[in-house]
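A.B. asks: Structure in structure tokens, see below.
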Amino acid sequence: MTTPLLPASLWWDGRFWPGYGFVGHPIPDISEMSPRRLPGTLLPGLVDAHVHSGLVDLGTVRAGGIAGVWDLGSAPATVSSLATAAEERKLPKIRYAGPFLTAPGGYPSDRPWAAPGSWREITSPAEGAEAVASTHALGATLIKITAHAGGPRLDPPTMAAIADAAHGLGLEVVVHAEGPGTVRAAYEAGADLLAHTPWTEPLDPGLARACAERMRWISTLDIHGWGTETPERVTAVANLRLFLEYGGSVRYGTDLGNGPLIPGVNPREIRALQAAGLSPTDVLAAMTGPDLTWIPGGLDLDPERFAGSLATARVLDDSVRPRPDVGPTPSDRRCGSPPGSPT
Ligand SMILES: [Zn+2]
């Protein structure tokens, strides 16, 4: 059953529609077909493209306005059962990577937070390809490779074999690149995404440009300092700015589970993205995905107030009981050409 919704405003396809927009949204418990009015702004669902579901409470994350997450580091069996139960348990929709594929003894096998099964040691290109196939069979749509300069690393042929096998199965490859030479290794292996904006050293402009032509980066700027200026944050913001100037594409992601981050929409991450050069509309493009998000007080696109406004987001579901349409009030303004029913 779809109840037509008349939100006071709508942000869709990169545009803000003041006055009444119109959206068809499935609300299973409401049987009437009469349109329902909703104060505030409706927009597509907000997605955090880097979380660790074993280290955070995803119910809290969803209550904090996040409709979808990408899990980039959990034991695959655990996260796949969580993904299956997401709707029933009121969790965000979960897209997930398989185990970190790493060299024997490599990152993160030496880290206390890495759950057993959340990494797999790879010793040859053939073993890498086999790991991709078994990860795909578990329902993962991302393959995560680690390239950490502080420990044993996969050699280039093994990284490339993993990426080729992933692409052959329609999976995207996300690389944790940390330390000198690792971004180049990720690029040369054919990575589609970096799990973090590079933060350990300023990136060579030629490499930033090459990355911008082919890769997306997941932002994770707020893990550096959690709101205070640190050298790592300065380097990451500068690298992201360079990547964006060359036309690169960024996804909002926070690395939830890594330190004292905000479980929900993180206004500090949003402000850091703005510091790297994104406009509020660019930030929304980097954050939005499936489903619907609701800003009860209305979305504020003023650059100073935008992050705080977006942090009040709620996932729209059957717990929202909008009023029936009682006709326009004197203060209403209607769009000249409403965008119809984008869902
Ligand atoms: Zn992470």
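The values are calculated or read from the model by the stated rules, or taken from the named source; none is laboratory data. Note that the coordinates shown come from a computational prediction; the quantities given were computed from them, not determined experimentally. Because the Cβ atoms are built from the backbone with ideal geometry, glycine has one as well, and the counts that use them run over all protein chains shown. The protein model used for the area step is the full one, side chains on, heavy atoms only, and it has no ligands, DNA or RNA in it. Shrake-Rupley method; radii C 1.70, N 1.55, O 1.52, S 1.80 Å.
A.B. asks: Counting just the residues of region 1-37 that are modelled with pLDDT of 85 or more and open to solvent by less than 20 Å² (accessible area, probe 1.4 Å), which one comes out nearest to the ligand (Cβ to nearest atom)?
C.D. replies: Out of the qualifying residues, it is 11.
A.B. asks: Within region 269-283, is there a residue that is more than 13 Å from the chain's Cα centre (by Cα), hydroxyl-bearing (Ser, Thr, Tyr) and part of a helix (DSSP H, G or I)?
C.D. replies: Yes, because at least one residue in region 269-283 is more than 13 Å from the chain's Cα centre (by Cα), hydroxyl-bearing (Ser, Thr, Tyr) and part of a helix (DSSP H, G or I).
A.B. asks: Residue check, residue 143 against (1) more than 23 Å from residue 222 (Cβ to Cβ); (2) buried (at least 22 other Cβ atoms within 10 Å of the Cβ); (3) modelled with pLDDT under 95, all met but one. Which one?
C.D. replies: The failed condition is (3).
Here is a yes/no grid of residues against (1) within 24 Å of residue 97 (Cβ to Cβ); (2) modelled with pLDDT under 95:
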site: 189; (1), (2): yes, no
site: 195; (1), (2): yes, no
site: 198; (1), (2): yes, no
site: 202; (1), (2): no, no
site: 211; (1), (2): yes, no
site: 214; (1), (2): yes, no
site: 225; (1), (2): no, yes
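A.B. asks: To continue, here is another question. Quick one: which helices (runs of 4 or more DSSP H) lie wholly within region 116-201 and hold at least 2 residues that are among the polar types (S, T, N, Q) and in contact with a Leu (Cβ under 7 Å, 6 or more places away or on another chain)?
C.D. replies: Once the helices (runs of 4 or more DSSP H) in region 116-201 are filtered for at least 2 residues that are among the polar types (S, T, N, Q) and in contact with a Leu (Cβ under 7 Å, 6 or more places away or on another chain), nothing remains.
A.B. asks: I want to confirm something. Restricting to region 68-85 and keeping residues that are away from the ligand (no atom under 16 Å from the Cβ) and among the small types (Gly, Ala, Ser), which single residue is surrounded by the most Cβ atoms within 10 Å (Cβ to Cβ)?
C.D. replies: The qualifying residue surrounded by the most Cβ atoms within 10 Å (Cβ to Cβ) is 68.
A.B. asks: If you check residue 105 against the conditions, is it within 16 Å of the ligand (Cβ to nearest atom), surrounded by fewer than 21 Cβ atoms within 10 Å (Cβ to Cβ) and either assigned to a loop (DSSP other than H, G, I, E, B) or not small (Gly, Ala, Ser) (or both)?
C.D. replies: No, not satisfied.
A.B. asks: If residue 229 satisfies every condition in (1) more than 16 Å from the ligand (Cβ to nearest atom); (2) modelled with pLDDT of 95 or more; (3) not hydroxyl-bearing (Ser, Thr, Tyr) but one, which is the exception?
C.D. replies: With respect to (1) more than 16 Å from the ligand (Cβ to nearest atom); (2) modelled with pLDDT of 95 or more; (3) not hydroxyl-bearing (Ser, Thr, Tyr), residue 229 is out only on (2).
A.B. asks: Give me the pairs, please: first residue somewhere in region 116-129 and touching a residue at least 60 places away in the same chain (Cβ under 8 Å) and closer than 23 Å to residue 78 by Cβ, second residue anywhere and of a type in the set (A, V, I, L, M) and surrounded by 12 or more Cβ atoms within 10 Å (Cβ to Cβ), beta-carbon distance under 6 Å, and either six or more positions apart or on two chains.
C.D. replies: The qualifying pairs are 118/75.
A.B. asks: Is at least one residue of region 188-198 hydrophobic (A, V, I, L, M, F, W, C) and more than 16 Å from the ligand (Cβ to nearest atom)?
C.D. replies: yes
A.B. asks: Which of the residues spanning region 199-212 are within 16 Å of the ligand (Cβ to nearest atom) and either buried (at least 22 other Cβ atoms within 10 Å of the Cβ) or within 20 Å of the chain's Cα centre (by Cα) (or both)?
C.D. replies: Of everything in region 199-212, just one residue is within 16 Å of the ligand (Cβ to nearest atom) and either buried (at least 22 other Cβ atoms within 10 Å of the Cβ) or within 20 Å of the chain's Cα centre (by Cα) (or both), namely 199.
A.B. asks: Pick from region 262-274 the residues that are surrounded by 24 or more Cβ atoms within 10 Å (Cβ to Cβ) and within 16 Å of the ligand (Cβ to nearest atom): which of them is nearest to residue 222 (Cα to Cα)?
C.D. replies: Out of the qualifying residues, it is 269.
A.B. asks: Check 289, 259, 253 and return the single one that is within 16 Å of the ligand (Cβ to nearest atom) and in contact with a strand residue (DSSP E or B) (Cβ under 6 Å, 6 or more places away or on another chain).
C.D. replies: The conditions single out 253.
A.B. asks: Then there is this: I need the full set of residues from region 213-238 which are open to solvent by 30 Å² or more (accessible area, probe 1.4 Å) and touching a Lys or Arg at 6+ places or on another chain (Cβ under 8 Å), in order please.
C.D. replies: If the condition is that a residue be open to solvent by 30 Å² or more (accessible area, probe 1.4 Å) and touching a Lys or Arg at 6+ places or on another chain (Cβ under 8 Å), then 216, 226, 227 are the ones that fit.
A.B. asks: Could you pull out the residue among 60, 41 that is closer than 26 Å to residue 300 by Cα, assigned to a helix (DSSP H, G or I) and either at pLDDT 90 or above or not basic (Lys, Arg) (or both)?
C.D. replies: One residue alone meets the criteria, 60.
A.B. asks: Here's something else I'd like to know. Among the residues of region 241-256, is there at least one that is closer than 24 Å to residue 159 by Cα and open to solvent by 60 Å² or more (accessible area, probe 1.4 Å)?
C.D. replies: The answer is no; no qualifying residue exists.
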